[in-house]
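Taking it in order: structure first as structure tokens, then the write-up.
The values are calculated or read from the model by the stated rules, or taken from the named source; none is laboratory data. Remember, predicted model here, so these are calculated numbers, not experimental data. So basically every Cβ, Gly included, is an ideal-geometry build from the backbone, and we count neighbours across all protein chains shown.
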Amino acid sequence: MTDEKARHIAETVAEFTDGAAISDLEERLDIHRRTIQRRLKKLVARGELQRQGQGRATRYFVPESSPTAAATDELATKSEPSQPVFSDEAKEARRRIRAPLVRRQPVSYRAAFLNSYEPGQTTYLPRKTRDELRAIGSLTDRDLPAGTYARRILDRLLIDLSWNSSRLEGNTYSLLETERLIEADIEAEQRDPRETQMLLNHKSAIEFLVDGAEELGFHRTMVLNLHALLSENLLGDPSAEGRLRRRPVGISGTVYEPLQDPHRIEEYFDTILVTAESINDPFEQSFFALVQLPYLQAFLDANKRVSRLAANIPYIRHNLSPLSFVEVSTQQYTNAMLAIYEDNDVAILRDLFVWAYHRSADRYRAIRNSIGEPDPLRLRRRQEIKGLVSRIVAQSLSRPDAAELLDEEANSLPPDERDRFAELVWRELDSLHEGNFARYRVRPSQFESWRRVWDKE
């Protein structure tokens, strides 16, 4: 047992003021019962935990004199627990889907689960919960263009969301390796090429959403293209990228049988999008996408990936904190999806979603505070700035040639904007490096050619 695992067990026990039973830890940690028992025995032997009671009444406590007890005071000051706290409803749903497969009744797609949802009347998230999420997710009181804050934190969002979403699919890249791949195009050694491709696909898909923030919505072409980006070079059949499936699929580890009729898949896919677009609350809209898109299994693969990125559409559009699934357990997420597949029960995913949004919002609030408010002129002229930088790089212009082009472009602007506009363009050019040039839609060869010319001046 590593110190990290021992500390995690002890810290979790410390969250229970009346002591923790093994069943409590099993619910919270998603670790097999026998493994928990072995680790508890070692922690008790080392004096880091105390055991009281016998049989089912056995509970574990943190001694007041232990290091973990001191750490507990620090943990208590945090706004959120280190692990999701599941409701009784979610625990019951989890109990059902953890039964052996042979004891679970096979089920197929239930259209009523989708058709019974009426925007404005049906809600998966209580009003109190939605108000709470809006309070912690609001990044500004100002009326700013769609995508303003997603662009401001794009460098961090690309890494966080790409890594966490891929990790939930079993990708073994570390966070540091992901940073190197996304920022500098350095592939990790001894990794499956499919894992590298998956992360790069996430990067492209996130950039697609942020770049198109003004036109974001649950539109057919947008979601199909989102799938095409996420599945590129991963399906074996390139024609299946960005297209609804026309052949059967199965899901391992569940008794759920997805819909197989292509015509009905198409019908319900369109219904999901129309319904999602009709939901006014961004948090309800996000959660609806997380529930319904993977349940339909409209694509040959990458359905959950599509849902996780589509769930961020409302946040990008409304300048709310994004949801990057920070610290979400793979097992907890799997349990949540199984409960939806087999029982149409959203309780586990709801509790996980609320907790995960709190974690993400805390993260991006700190980032927002470090970068300050966006420059108004840069916001207003972002397309002109981006287009000009792209032209200068693609054409391998030297500094004098770039200055001449910049003067021509600036002359078309109001006099009071020209100097500041030129300053912003030069700042963008001077901050270009191998880890961020792709946002300007230039090829690596174009960037290298431009860099050689630019650095000579």
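Any residue in segment 32-54 that's in a helix (DSSP H, G or I): show its pairings with residues that are small (Gly, Ala, Ser) at Cβ separation under 8 Å, as long as the two are six or more apart or on different chains.
Arg39/Ala6; Lys42/Ala6; Leu43/Ala6; Leu43/Ala10
Read through the list (1) more than 20 Å from Val328 (Cα to Cα); (2) modelled with pLDDT under 65, then give the number of the only condition that Thr35 fails.
Checking Thr35 against (1) more than 20 Å from Val328 (Cα to Cα); (2) modelled with pLDDT under 65, the one that fails is (2).
Identify the single condition in (1) closer than 30 Å to Thr178 by Cβ; (2) out of contact with any His (no Cβ under 7 Å at 6 or more places or on another chain); (3) in a helix (DSSP H, G or I) that Ala135 does not satisfy, given that it satisfies every other one.
Here Ala135 clears every test but (1).
Checking the condition at pLDDT 60 or above and either touching a strand residue (DSSP E or B) at 6+ places or on another chain (Cβ under 6 Å) or surrounded by 13 or more Cβ atoms within 10 Å (Cβ to Cβ) (or both), which residue from Arg96, Arg56 passes? Explain how you work it out, then say what you get.
Details: Arg56 fails: either touching a strand residue (DSSP E or B) at 6+ places or on another chain (Cβ under 6 Å) or surrounded by 13 or more Cβ atoms within 10 Å (Cβ to Cβ) (or both).
Matching residue, one of Arg96, Arg56: Arg96.
Taking the stated definitions as given, is Ala310 over 19 Å from Asp362 (Cβ atoms) and buried (at least 22 other Cβ atoms within 10 Å of the Cβ)? Lay out the reasoning, then the answer.
On the way: over 19 Å from Asp362 (Cβ atoms): yes; buried (at least 22 other Cβ atoms within 10 Å of the Cβ): yes.
Considered against the rule, which asks whether it is over 19 Å from Asp362 (Cβ atoms) and buried (at least 22 other Cβ atoms within 10 Å of the Cβ), Ala310 comes out as yes.
Out of segment 281-302, which residues are surrounded by fewer than 23 Cβ atoms within 10 Å (Cβ to Cβ) and over 22 Å from Glu118 (Cα atoms)?
Once the filter is applied, which keeps residues that are surrounded by fewer than 23 Cβ atoms within 10 Å (Cβ to Cβ) and over 22 Å from Glu118 (Cα atoms), segment 281-302 yields Leu300, Asp301.
Any residue that is over 19 Å from the mean Cα position of the chain (by Cα), within 16 Å of Leu320 (Cα to Cα) and exposed (fewer than 13 other Cβ atoms within 10 Å of the Cβ) - is there at least one of those in segment 115-137?
Looking only at segment 115-137, we keep the residues that are over 19 Å from the mean Cα position of the chain (by Cα), and these are 115-124, 126-129, 131-132, 135.
Filter again for within 16 Å of Leu320 (Cα to Cα), leaving 129, 131-132, 135.
Still in the list and also exposed (fewer than 13 other Cβ atoms within 10 Å of the Cβ): 131, 135.
Yes, segment 115-137 contains at least one residue that is over 19 Å from the mean Cα position of the chain (by Cα), within 16 Å of Leu320 (Cα to Cα) and exposed (fewer than 13 other Cβ atoms within 10 Å of the Cβ).
Based on what the data block shows, is Phe288 touching a strand residue (DSSP E or B) at 6+ places or on another chain (Cβ under 9 Å) and closer than 26 Å to Asp160 by Cα?
Working: touching a strand residue (DSSP E or B) at 6+ places or on another chain (Cβ under 9 Å): no; closer than 26 Å to Asp160 by Cα: yes.
When the stated conditions are applied, Phe288 does not pass them.
So if I check each of Leu158, Leu199, Leu224, Leu168, which one is aliphatic (A, V, I, L, M), over 26 Å from Gln332 (Cβ atoms) and outside the structural domain of Arg382 (by TED's automatic domain parsing)? I'd like the intermediate steps shown before the answer.
Numbers: Leu158 fails: over 26 Å from Gln332 (Cβ atoms); Leu199 fails: over 26 Å from Gln332 (Cβ atoms); Leu168 fails: over 26 Å from Gln332 (Cβ atoms).
Unique residue meeting the criteria: Leu224.
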